[in-house]
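To keep things clear, I will list the structure first and then write my remarks on it.
Computed from the coordinates by the stated procedures, all read-outs in this text should not be read as laboratory data. All values reported here derive from a predicted model rather than from experimental measurement. Every residue, glycine among them, receives a Cβ derived from its backbone with ideal geometry; neighbour counts consider all protein chains shown.
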Amino acid sequence: MKGDRVEIVVDAGDTTRTYEVVATRAGRRVETAVRRGVVEVSEVTRSGSVVRTARFMANRVLALVEQPVPRDDAEEEGGA
């Protein structure tokens, strides 16, 4: 959903760097995958086509934080 984001904290030698991948339009989502020592974070459309991808070496990734947008319907179900 629009606003979903993933923060990636990467070891850059003597410091750390933080990168963000954000679902920029309605209907898009952010997916993460770890394959063969590589962490991939992709913004994907409803139909499944990839808009953009960020790739990082898995041994350099310190943290991978997924931050979904709060959904209104989830709050309504909990209160009833």
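A few remarks follow.
- Computed over the Cα atoms of the chain, pair by distinct pair, the Kirkwood hydrodynamic radius stands at 13.8 angstrom.
- Applying 1/(1 + (r/R0)^6) with r as the Cβ-Cβ distance of ARG46 and VAL9 and R0 = 25 angstrom yields a FRET efficiency of 0.30.
- In this label model, VAL38 and THR18 are separated by 2.7 nm, measuring between points 7 Å along each Cα→Cβ vector.
- Fraction of the pair-distance distribution of the stretch 1-47 above 16 Å, Cα-Cα pairs, percent: 47
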